[in-house]
Amino acid sequence: MAGFFGFFDYTKPGPGVPENQPPKSKFVVFFEVTARKFWKLCWLNILYFLVSLPILILLYLVIGNYIFPIIQSATKEAGNIKDIQSLQGFLMFAFSLTLLSGFMVFGIGPTTAGFTYIVRNFAREEHAWVTSDFFEHTKKNLKEGIISFITDLLVLWIFSVAIRFYSIQSLKYPSVGIIKYFLIFTLFVYFMMHIYIYPMMVTYNLKVRHIYKNAFIFTILKLPHTIGMFLLLATVWLIPFILLFVTRFIPMLLLYLLVWVSLIGLAQNFYTNYIFGIYLNPQKKSEEQFESQENTELSSSKDDDSDSKESV
């Protein structure tokens with residue numbers, strides 16, 4: 001007889017999960033996953049930062065050309081020369097690290113694809129090896145990631161030049177200001193599209209133009225939800241920066257390097273998994289209720305054991 005008079009019998013099955021227990025809300029599941037995967041999220045954040053360092057250094061040099069003149073003009077009357085230089089260095093460090101972390105969330109090419117694959121799996125409550133899967137899916141999405149990153153740089157450069165041009169022209173011709181505001185709104189929509197771009201890149205077997213097309217469709221189709229999610233992610237992204245100026249505690253910015261980008265990516269993929277489940281994988285729900293209705297599938301099946309992308 002196993003155990004001792006029926007006690008301490010570890011071969012017996014446990015009580016399991018009650019059949020009628022309601023599913024947990026995504027909000028609760030997010031914090032449960034965060035707690036379980038916290039140290040893996042930290043390592044993923046650090047790994048993502050280290051591997052992306054060459055790209056981040058390039059972006060830092062570009063950002064400096066825009067930020068430093070603004071900081072100089074804003075701090076020119078801060079006090080004596082020593083105080084001004086100290087303040088300028090502090091602001092340059094704070095703004096640069098915050099913006100670079102924003103680029104990591106926004107997308108910086110193939111490394112973002114590898115990063116997104118991990119947080120997507122965590123959001124699905126599926127397994128992922130942080131280091132090996134990161135490099136594997138960075139390599140798998142090398143072409144798409146490079147094209148997306150170059151596209152982003154071109155779009156940002158073109159829009160910055162155009163917005164600056166029409167801002168100057170609007171001083172002489174106020175009616176031209178309409179074009180400026182239209183460009184700003186269009187750029188804002190382009191920013192919001194990135195909520196969907198990289199999760200779609202690592203999940204579905206699509207060409208880059210189709211990824212951008214679908215991301216635009218989702219952005220417009222779910223515009224109120226997308227705006228809300230974008231503002232939520234932007235607010236969370238700025239929290240360490242705000243805490244820095246409230247507490248004057250510089251190590252607050254280390255949150256960006258240690259875990260903050262991973263937390264934002266996890267929240268983003270909780271949202272995109274939900275949206276994709278409704279519009280791109282509706283058969284998953286029907287399969288749970290009607291196992292025989294295979295002819296009603298609208299997109300590809302779930303990832304197979306080899307972690308191949310789904311086709312749409």
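The values are calculated or read from the model by the stated rules, or taken from the named source; none is laboratory data. Worth saying up front: this structure is predicted, and the values here are computed from it rather than measured. Cβ coordinates were reconstructed from backbone atoms using ideal geometry, including for glycine residues, and neighbour counts include every protein chain displayed.
Under 6 Å by Cβ, and 6 or more places apart or on different chains, what pairs join a residue from region 30-51 that is under 13 Å from residue 121 (Cα atoms) with one that is part of a helix (DSSP H, G or I) and polar (S, T, N, Q)?
That search, which allows pairs on different chains as well, returns 41/262; 44/262.
Here is a list of conditions, (1) touching a residue at least 40 places away in the same chain (Cβ under 8 Å); (2) closer than 30 Å to residue 27 by Cβ, and residue 93 meets all of them except one; can you say which number that is?
(2)
Go over the candidates 212, 198, 271 one by one and state the one that is within 13 Å of the chain's Cα centre (by Cα) and under 24 Å from residue 146 (Cα atoms).
That would be 198, the only listed residue that is within 13 Å of the chain's Cα centre (by Cα) and under 24 Å from residue 146 (Cα atoms).
Considering only region 30-62, how many residues are part of a loop (DSSP other than H, G, I, E, B) and among the basic types (Lys, Arg)?
Summing the residues that are part of a loop (DSSP other than H, G, I, E, B) and among the basic types (Lys, Arg) in region 30-62 gives 1.
Just to be sure before I move on: is residue 257 surrounded by fewer than 18 Cβ atoms within 10 Å (Cβ to Cβ), part of a helix (DSSP H, G or I), at pLDDT 90 or above and of a type in the set (A, V, I, L, M, F, W, C) in the structure I sent?
no
Taking residue 236 as meeting all but one of (1) of a type in the set (Val, Ile, Thr); (2) within 23 Å of residue 31 (Cβ to Cβ); (3) at pLDDT below 70, write down the number of the exception.
For residue 236, the exception is condition (3).
Within region 19-29, how many residues turn out to be of a type in the set (D, E, K, R) and either under 14 Å from residue 267 (Cβ atoms) or assigned to a helix (DSSP H, G or I) (or both)?
1
When you go through (1) at pLDDT 95 or above; (2) more than 18 Å from residue 99 (Cα to Cα) one by one for residue 231, which number turns out not to apply?
Failed condition: (2).
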